[in-house]
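The values are calculated or read from the model by the stated rules, or taken from the named source; none is laboratory data. Just so you know, these numbers come straight off a predicted model, no measurement behind them. Reconstructed Cβ throughout: ideal geometry from the backbone, glycine too, with neighbour counts over all protein chains shown. Accessible surface areas use protein heavy atoms only, side chains included; no ligands, DNA or RNA. Shrake-Rupley method; radii C 1.70, N 1.55, O 1.52, S 1.80 Å.
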Amino acid sequence: MNRRVAGALGAWVALTVVAIALVATVNFVRLRNNFEADARTLHRVVSQRADQHDAHLTSLAAVLASPDHSLATFRAVAEAVLRFYPRITAIGAISFAPVPGWAFTTREVPSNRPSVDELAAIASNLPAGQTIVLAGANGTAAYHLVKRLPETTVQTNALVMTIGARRLMDPEADLPEGTRLALRDPSGHELVQQGAPPSPSGMMPVLAFEKELGSRSQPLLLRISRSPVMSELLPPIAIALVAALTGIGVILASFVLRERRAAREAQARASLHEHQARLAHAMRVNTVGEMASGIAHELTQPLTAILSSSQAGLRLASSLSPDPNEIVGVLDANVRLAKRAGDILSRLRAYVSNSGPVPERTSLNQLVRNVAELVQSDLERRSIALNLHLDPGAPSATIDRVSIEQVVHNLVRNAADAVESLPQERRIITVATFFDDGSTGIAVSDSGLGIPPADLPRLFEPFFTTKPDGMGLGLPLCERLVEAFGGHITAANDPEDGAVFTIHLPLIAESRKEAAE
Ligand SMILES: Nc1ncnc2c1ncn2[C@@H]1O[C@H](COP(=O)(O)OP(=O)(O)O)[C@@H](O)[C@H]1O
Ligand SMILES: [Mg+2]
């Protein structure tokens, strides 16, 4: 797997984990807030219900305390209470004397109710008006409220109300699944519980609420608890969404990074090119300096010829009977010579000009001839012979003429350096153009001592030189210039003698076709 892809995958996984943790936290906080709101509401409702029991007992006591202390009225009120409040399952009235007994009890007598003797014993110990909670028998999910009536009430001494704990804590609105409710009486006895106990797996935090009811007579403890399930904190759809979003984010980020890197690389390439162009120009200017004497010499020739032909013309013109045809011939020659001098100078100007490379279809033979003219005087001065082997197939390539001229020029100068110390008759440089079905290009060979095999792989390294005053920049520059047009340059030793440097250039599409025919 590619390193960049692995990095992106890692970033995606890490981001997804962080995002999922965030989603879970947000969901947990939301769940906890909802849970607390639900629990508080339920606590308020249950407390109000408990208060209603006190109110009922008070009104029942008031009925019994009324002057006619009619049991029939009492019965009617009790029946109404039982009908409207299904959680109140039984109501009874006890009289202590002569022996404890029921003065009134609803038709359905709860089986779990303590005996009338026990109830009377408990009630007789209470101050008048006081109410206490009496736990129901185990597993009955009910409790009894016992209220001692004031002495002024004749016939009856206490009231007993039985309340179904399950209905008491029944929530009005459905609570989320997994919510557990429990109600304890003041002695710590659990009256009722409902819902599964919270999952014991330690993974999930348990939400819990515990508070005594706000009723003075029934200080029951309401306990609400719930442990959220995984899918509530992290719904699969949210996980998928988060993974997709972070994935898109990572892809976008890596795209932007790649673009930026590409831009940086392009900039680096551009500045390298600029640098090369400047170096190439500097080297050209440098060579021109070296060539100045040769050029001066080259210019002398047409200038001397112009001078002598002009003198001849003057003589002709001042003769007694000037022949106009002869004078025209002299002027013709002058024009030709002046053009030649002009050509030499414009080639030179083109060579040192600092215009950027302009690739266009260029004749390699003409290019080599141009270079030969530039170097000729210098080579003559050093008694070096220059042979041109120009391919009659007129090879051409899409290149910037001045750049490749500079390459050939550099190679010829290296060749000249290589043959300079040989005896005069063996100082030979050959520049050949070639064009075959595979490639086209220019080869520069010399009759020197060749390149030591150990140096061969290092020739194109910048600053590699074996010359005392060498720079070691010629060949690396040549390589860059040739590669700029899709070509390459190779160095080898000729089996006979000397070195051969070959510039290989891409064929132009149509000449490739011609070559194939
Ligand atoms: N025609 C050649 N024959 C032998 N050695 C050569 C030839 N051309 C180049 N070299 C070797 O390659 C080295 C690097 O050449 P170049 O990059 O032009 O730098 P410089 O000419 O400044 O030394 C030269 O110093 C020389 O050792
Ligand atoms: Mg050189």
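Look through V408, V419, V371 and report the one residue that is touching a His at 6+ places or on another chain (Cβ under 8 Å) and either in the same structural domain as G438 (by TED's automatic domain parsing) or open to solvent by less than 80 Å² (accessible area, probe 1.4 Å) (or both).
On the way: V408 fails: touching a His at 6+ places or on another chain (Cβ under 8 Å); V419 fails: touching a His at 6+ places or on another chain (Cβ under 8 Å).
Answer to the check: V371.
Looking at the structure I just gave you, is A39 touching a residue at least 24 places away in the same chain (Cβ under 8 Å), under 14 Å from L222 (Cα atoms) and surrounded by 13 or more Cβ atoms within 10 Å (Cβ to Cβ)? Walk me through it before giving the result.
Values: touching a residue at least 24 places away in the same chain (Cβ under 8 Å): yes; under 14 Å from L222 (Cα atoms): yes; surrounded by 13 or more Cβ atoms within 10 Å (Cβ to Cβ): yes.
Considered against the rule, which asks whether it is touching a residue at least 24 places away in the same chain (Cβ under 8 Å), under 14 Å from L222 (Cα atoms) and surrounded by 13 or more Cβ atoms within 10 Å (Cβ to Cβ), A39 comes out as yes.
Checking A103 against (1) touching a helix residue (DSSP H, G or I) at 6+ places or on another chain (Cβ under 6 Å); (2) assigned to a strand (DSSP E or B), which test does it fail?
For A103, the failing item is (1).
Here is a yes/no grid of residues against (1) within 60 Å of the chain's Cα centre (by Cα); (2) without any contact (Cβ under 8 Å) to a residue 60 or more places away in the chain; (3) assigned to a loop (DSSP other than H, G, I, E, B):
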position	(1), (2), (3)
P127	no, yes, yes
L134	no, yes, no
A137	no, yes, yes
T140	no, yes, yes
V146	no, yes, no
E151	no, yes, yes
T156	no, no, yes
M161	no, no, no
D174	yes, yes, yes
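For region 393-402, what are the residues that are under 45 Å from the mean Cα position of the chain (by Cα) and either open to solvent by less than 10 Å² (accessible area, probe 1.4 Å) or within 16 Å of ligand 1 (Cβ to nearest atom) (or both)?
Within region 393-402, the first condition is being under 45 Å from the mean Cα position of the chain (by Cα), and the residues that meet it are 397-400.
A397, I399 - these are the residues of region 393-402 that are under 45 Å from the mean Cα position of the chain (by Cα) and either open to solvent by less than 10 Å² (accessible area, probe 1.4 Å) or within 16 Å of ligand 1 (Cβ to nearest atom) (or both).
Would you please list the contacts, defined by Cβ atoms under 8 Å and residues six or more apart or on different chains, that run from a residue in region 451-479 that is under 22 Å from R284 (Cβ atoms) and among the aromatic types (F, W, Y) to a residue that is within 10 Å of ligand 2 (Cβ to nearest atom) and open to solvent by 30 Å² or more (accessible area, probe 1.4 Å)?
Close Cβ pairs satisfying both conditions: F463/M471.
Go through region 112-125 and give me each residue that's within 11 Å of F96 (Cα to Cα) and touching a residue at least 40 places away in the same chain (Cβ under 8 Å).
Matches in region 112-125: L119 only.
Could you list, in sequence order, all residues of region 437-477 that are near ligand 1 (Cβ under 8 Å from one of its atoms) and at positive phi?
G450, G472
Quick one: would you say D437 is loosely packed, with under 15 Cβ neighbours inside 10 Å and within 12 Å of ligand 2 (Cβ to nearest atom)? Outline the logic, then answer.
Details: loosely packed, with under 15 Cβ neighbours inside 10 Å: yes; within 12 Å of ligand 2 (Cβ to nearest atom): no.
In short, no.
Being closer than 21 Å to V402 by Cβ and open to solvent by less than 20 Å² (accessible area, probe 1.4 Å) is the filter; apply it to region 478-500 and report the residue that is farthest from ligand 1 (Cβ to nearest atom).
Of the residues in region 478-500, the ones closer than 21 Å to V402 by Cβ are 478-489.
After this cut, where a residue has to be open to solvent by less than 20 Å² (accessible area, probe 1.4 Å) as well, the list is 478, 482, 487, 489.
Numbers: C478: 8, V482: 13, G487: 18, I489: 11 Å.
The selected residue is G487.
Go through region 160-205 and report how many residues are exposed (fewer than 14 other Cβ atoms within 10 Å of the Cβ) and of a type in the set (A, V, I, L, M, F, W, C).
Residues that pass the stated criteria total 3.
Inside region 415-436, can you point out the residues that are away from ligand 1 (no atom under 11 Å from the Cβ), in a helix (DSSP H, G or I) and under 15 Å from D497 (Cβ atoms)?
E425, R426, listed by residue number.
For region 46-86, give me each residue that is of a type outside the set (S, T, N, Q), open to solvent by 20 Å² or more (accessible area, probe 1.4 Å) and within 60 Å of the chain's Cα centre (by Cα).
Passing the criteria: only R49.
So, in region 441-454, how many residues would count as being surrounded by 13 or more Cβ atoms within 10 Å (Cβ to Cβ) and assigned to a loop (DSSP other than H, G, I, E, B)?
Within region 441-454, the first condition is being surrounded by 13 or more Cβ atoms within 10 Å (Cβ to Cβ), and the residues that meet it are 441-451.
From what's left, assigned to a loop (DSSP other than H, G, I, E, B): 447-451.
So the count comes out to 5.
Return the residues of region 465-478 that are at pLDDT 90 or above and either touching a His at 6+ places or on another chain (Cβ under 8 Å) or more than 19 Å from D446 (Cβ to Cβ) (or both); say none if nothing qualifies.
Passing the criteria: only P468.
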